[in-house]
Each structure stands twice: as C-alpha cells, then as structure tokens.
Amino acid sequence: SLVWGARQTSLNDSEAQVVRFTAGAEASINRALLSFDVLLASTEDLLDLSAVSRAQFNRQGAGQLLRGAARQNLMVRYVALLGDDGGVVASSDQAGLRVTDELPAGFFEQSMRQPVPTLMLSAPVVSSVSSE
C-alpha cells in the first residue's frame, strides 16, 4: 500500500509537471503568433498598399519601413512582400531578392490558393552563418 501510494503521488506530480509545461508552451506559441499577427496587420498601414498603384510603389522606401518593423519585432528577423507572381516587391533585407529561392517547394503556390486570408509559416532555413 505504501509503494502504491508513492507511485500514485509520483504519477500525479509528473502529470502536473506536463500540464504546466504544456500550458507554458501554448502561451509562448500564442505570444509568437500574436507578434506575427500584429506585424502583418500593421503592414497595410505602414506601406499604405491600398492607396498606391504598382507603378507608384517605392521599393526602397518600403524596404526601409519593413526593416524598421522587423527591428521592432523580437520574433521576426526578415519580412518580404511578395507579388502575385511570387517575386519580391519589397524586403526588410537589402539582399532579399533571393527569398523565393529559399522557400520550400510549392509554399508560395499553396499560400496563394487559400480562399481566405491565412497565416502561413515556412520551414526555417538553416544556414551555417546564423544557425537558425
């Protein structure tokens, strides 16, 4: 009976630890997604995309605004605005014109097929320089 009671206590403690860990992980993921959501929601206001035609769009100015937004967001290192054709329109990185080469195969096409606005996250790109 004593061994059984110790076992049950140990199982209950382990279960409580798992529940606390899961709740913390869920809160962390929610904070990260909220951070992305705020950045995406502010992009329209930041760049005023609805008021500017494609011919009037200032790529360098938009790139500077995106760099500032990415620097203020601790969860985001790089932001790229892609056109309908998958080409980079503006980027927070001056060398960001290569972003479509780094996306997983079919990611852009799958994202654009969504019937409603959807947050799509690509797999992280691991490089020897950044170890991300």
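The values are calculated or read from the model by the stated rules, or taken from the named source; none is laboratory data. These numbers come from a predicted model, not from an experiment. Note that we place each Cβ from the backbone using ideal geometry, even for glycine, and neighbour counts take in every protein chain shown. Calculation scope for accessible area: heavy atoms of the full protein, side chains included, ligands and nucleic acids excluded. Shrake-Rupley method; radii C 1.70, N 1.55, O 1.52, S 1.80 Å.
The table that follows gives values for the structure above.
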read-out	value
Prolate/oblate/rounded call for region 32-82, Cα gyration tensor, a/c under 1.5 rounded	prolate
Amide proton proximity set for VAL79, modelled H, under 5 Å, gap of 5+	SER92, ASP93
Accessible carbon and sulfur surface of region 36-98 relative to its total accessible area, %, 1.4 Å	51 percent
Highest-first arrangement of 23-35, 39-51, 80-92, where packing means the average Cβ count within 10 Å	80-92, 39-51, 23-35
Region 1-99: C-alpha gyration tensor shape, a/c 1.5 cut-off, then a/b vs b/c	prolate
Residues ALA23 and ARG113, FRET efficiency given R0 of 30 Å [Cβ-Cβ distance, rounded to 0.05]	0.30
